[in-house]
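Written out below as structure tokens is the structure these notes cover.
Each reported figure results from applying straightforward, stated rules to the coordinates on display, with no laboratory input. Bear in mind that the values here come from a model prediction, so they are computed numbers and not experimental data. So basically every Cβ, Gly included, is an ideal-geometry build from the backbone, and we count neighbours across all protein chains shown.
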Amino acid sequence: MTHVVCPGSFDPPTLGHLDIVRRAAQLFDRVTVAVLINPDKSGLFTVDERLELLRVAGSGWANVTVDSFDGLLVDYCRRNSIDAIVKGLRAVSDFEYELQMAQMNSGLAGIDTVFIPASPEHSFLSSSLVKQVARYGGDVSALLPAQVTTALARKLGR
Ligand code: PNS
């Protein structure tokens, strides 16, 4: 059985993230979506809120579970018998940093990273851009699961 992790900040989860998780769930036996607890960055949504949004959005996928982690991703992988890391790649600009992280994680623990290319309709999409557009009143509902759109509007006091 192949167990993979889709790690990230997910602040908040977008349709781009969910597309990668869905496709990973078709390729591998078990997928854990792991939200980073980052003590250096508080984020717009709390980690618990992100977990709940991911749980609701991924509730239809039987082999997907949601969790949080702190510290090194490779240590989380070791503790949970995870075989590989799955990351989405939106553009060549993502590749340089993702390759560095993949090589570091491989060097630290021999854990490989599998890259899944983002679907073209999500190639421009990031949580940071979504938050920026939403803060200025732009419509981001086509980029987010419905419950994330609602939660974001509430968070921004709309
Ligand atoms: O959604 P993000 O912010 O691009 O996700 C980055 C993430 C969480 C995958 C990365 O920052 C990470 O793995 N952090 C955990 C700490 C760690 O293992 N750092 C070394 C990476 S080589």
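FRET efficiency for the residue 95 to residue 46 pair, using the beta carbon distance and R₀ = 41 Å, is estimated at 0.85. Relative protection proxy for 94-105, 51-62, from highest mean packing down: 51-62, 94-105 (other beta-carbon atoms within 10 angstrom). For the chain, the longest principal axis of the C-alpha atoms and the axis of helix 47-57 are separated by about 90°.
Note on segment 87-148: Cα-only Rg and Dmax are 14.9, 45 Å. Computed per residue of the chain from DSSP H runs no shorter than four, each worth -39500 (n - 2.57), the mean residue ellipticity at 222 nm is -13000 deg cm²/dmol. One way to sum up the overall shape of segment 3-155 is the equivalent ellipsoid from its Cα gyration tensor, whose semi-axes run 24, 17, 16 Å, largest first. Remark: relative contact order (the chain) = 29 percent; criterion is Cα-Cα distance under 8 angstrom and separation of 6 or more residues.
Net charge of the neighbourhood of residue 73, taken over other residues with C-beta under 14 Å away and scored Lys/Arg +1, Asp/Glu -1, is -3. The average projected area of segment 8-92, computed from the convex hull of its Cα atoms over all directions, is 6.0 nm². Positive contributions from Lys and Arg (+1) and negative ones from Asp and Glu (-1), summed over other residues with Cβ under 9 Å from the Cβ of residue 151, come out at 0.
For the chain, the longest principal axis of the Cα atoms and the long axis of helix 92-109 meet at an angle of about 40 degrees.
Under the simplified labelling scheme, the residue 108-residue 79 pair shows an inter-label distance of 1.3 nm, with each label point 7 Å from Cα along Cα→Cβ.
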